[in-house]
Amino acid sequence: MTYLKEAAKRIYRIVFMPRLQSEISHLSSAGPVSQSLVNALRATLKNDATPEEKVWIDKIESLRKELSSSSRELRVIDYGAGTPHYSLSEEQMRQGRSSTQTIGAICRNASKSPFWSYLLFRLVIEFRPSVCLELGTCLGISGC
């Protein structure tokens with residue numbers, strides 16, 4: 001498994017990073033909103049956090065690690081459509097599907113990765129919205 005992760009990282013660096021850098025350069029000339037997006041992307045790719053932000057990020061990632069290793073079970077009711085092969089009716093979705101899952105499995109499978117969580121953080125900092133609403137329904141790690 002470790003070999004596959006390392007291979008995927010190498011492929012990402014070789015194939016996707018140059019294209020991403022090209023897209024970022026293209027975006028930076030598209031106006032002030034695009035420039036804010038570029039600033040957030042660049043800061044995310046550089047992992048450019050202040051010392052104070054790093055303290056909070058470390059606390060959040062410590063919580064992510066704790067939750068990811070939890071074997072405590074929760075009863076979960078899913079009211080969504082599920083995957084396409086389910087073909088659920090509206091009534092079936094309204095009733096929901098009950099299952100039991102561990103907190104660890106929920107955290108690992110449903111929370112955004114540290115990269116995407118950090119990008120969300122950088123976007124909020126860059127755009128400075130007066131109001132921000134996070135609509136997640138998981139464990140709160142991504143929103144943290």
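The values are calculated or read from the model by the stated rules, or taken from the named source; none is laboratory data. Nothing here was measured: the structure is a model prediction, and the numbers come from that model. Counting neighbours? That spans all protein chains shown, and the Cβs are built from the backbone with ideal geometry, glycine included.
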(message) Looking for something on the phi < 0 side of the Ramachandran plot, assigned to a helix (DSSP H, G or I) and at pLDDT below 85 - is there at least one such residue anywhere in the range 115-124?
(response) no
(request) Could you check residue 14 against (1) more than 21 Å from residue 113 (Cβ to Cβ); (2) at pLDDT below 85 and say which number it fails? (result) (1)
(request) Being modelled with pLDDT under 85, of a type in the set (A, V, I, L, M) and either surrounded by fewer than 13 Cβ atoms within 10 Å (Cβ to Cβ) or not in a helix (DSSP H, G or I) (or both) narrows it down to one of 76, 55, 38, 33, so name that one. (result) 33
(request) Just give me the residues in the range 85-110 being at pLDDT 90 or above and either under 30 Å from residue 43 (Cα atoms) or surrounded by 13 or more Cβ atoms within 10 Å (Cβ to Cβ) (or both), in sequence order. (result) 101, 102, 103, 104, 105, 106, 107, 108
(request) Those residues that are under 21 Å from residue 43 (Cα atoms), in contact with a Ser or Thr (Cβ under 7 Å, 6 or more places away or on another chain) and exposed (fewer than 15 other Cβ atoms within 10 Å of the Cβ), I need them from the range 121-144; list them, please. (result) 127
(request) Could you grab the pairs with beta carbons closer than 9 Å, sequence gap of 6+ or different chains, first residue in the range 56-72 and on the phi < 0 side of the Ramachandran plot and among the aromatic types (Phe, Trp, Tyr), second one assigned to a loop (DSSP other than H, G, I, E, B) and surrounded by 11 or more Cβ atoms within 10 Å (Cβ to Cβ)? (result) 56/49; 56/144
(request) Enumerate the pairs (first residue in the range 114-143 and without any contact (Cβ under 8 Å) to a residue 24 or more places away in the chain; second residue anywhere and assigned to a helix (DSSP H, G or I)) with beta-carbon separation below 7 Å, excluding pairs fewer than 6 apart on the same chain, so at least 6 apart or on different chains. (result) 132/124
